[in-house]
Amino acid sequence: MIFIGAVGCECPQEETKEPEATVYKGEYLGLTPPGMQPQVFAPGFICTGLPERDATFTPDLKQFYYSVRLERFTCIVTTRQDENGIWSQPEVASFSGRYSDIEPCIAPGGKKFFFVSKRPLPGEKEASEYYNIWIMDRNETGWGTPYPIGAPVNGEWNVFYPSLTKDGTIYFNKRAGNGNA
């Protein structure tokens, strides 16, 4: 612990206590869903002052994924409930952190995880010039290896904001340029 004093003032010698960390427990991190009034989501835990964006829960509400913009790229961060319902400290998802990854989206059935990335396409060594949609399939141990959705969705344009319906229809935005998310 570091104590900083200022010249010319007296600091009381009372014992100071560190504030207790909030424990997030239960469905929706133990928070009340906001309804029609917007609220900051889990301040200091999820919303930390960094540029957080693009959030999704797994259908069972036990895992939460979101994007965080860092200095040079964006990564996908996750937190999950343990067997006692307590949410883990957010950390960079195991598949993210090397390339710019954004916009996580889990299909309604929970079997597919979509996200947008500039990671190299198969056969390429360098990061992609464009954002492309990638998919991971759920297996018995978690999420499988990411693979690109392919043409005609991915290609010579940026592709953003994957969203899926229960019948498997995917909606997305496609635009020219190399984007800098």
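Scan the range 130-151 for residues that are open to solvent by 50 Å² or more (accessible area, probe 1.4 Å) and at pLDDT below 90 and jot them down. Within the range 130-151, ALA151 is the sole residue that qualifies.
Looking at the range 23-47, which of its residues are hydroxyl-bearing (Ser, Thr, Tyr) and surrounded by 12 or more Cβ atoms within 10 Å (Cβ to Cβ)?
The initial filter retains those residues of the range 23-47 that are hydroxyl-bearing (Ser, Thr, Tyr), namely 24, 28, 32.
Once the filter is applied, which keeps residues that are hydroxyl-bearing (Ser, Thr, Tyr) and surrounded by 12 or more Cβ atoms within 10 Å (Cβ to Cβ), the range 23-47 yields TYR24, TYR28.
Applying the condition of being within 24 Å of LEU31 (Cβ to Cβ) and small (Gly, Ala, Ser) to the range 58-95 and asking which residue is nearest to the chain's Cα centre (by Cα) yields SER67. Set side by side, the residues LYS118, LYS125 differ, and just one is basic (Lys, Arg) and either on the phi > 0 side of the Ramachandran plot or within 17 Å of the chain's Cα centre (by Cα) (or both), which is LYS118.
Looking at GLY168, GLY110, just one residue is assigned to a loop (DSSP other than H, G, I, E, B), closer than 20 Å to ASP60 by Cα and open to solvent by less than 40 Å² (accessible area, probe 1.4 Å), and that residue is GLY110.
The values are calculated or read from the model by the stated rules, or taken from the named source; none is laboratory data. Model, not experiment: these values are computed from the prediction. Here the Cβ is made from the backbone with ideal geometry for all residues, glycine too, and neighbour counts use every protein chain on show. Heavy atoms of the whole protein, side chains included, go into the accessibility calculation; ligands, DNA and RNA do not. Shrake-Rupley method; radii C 1.70, N 1.55, O 1.52, S 1.80 Å.
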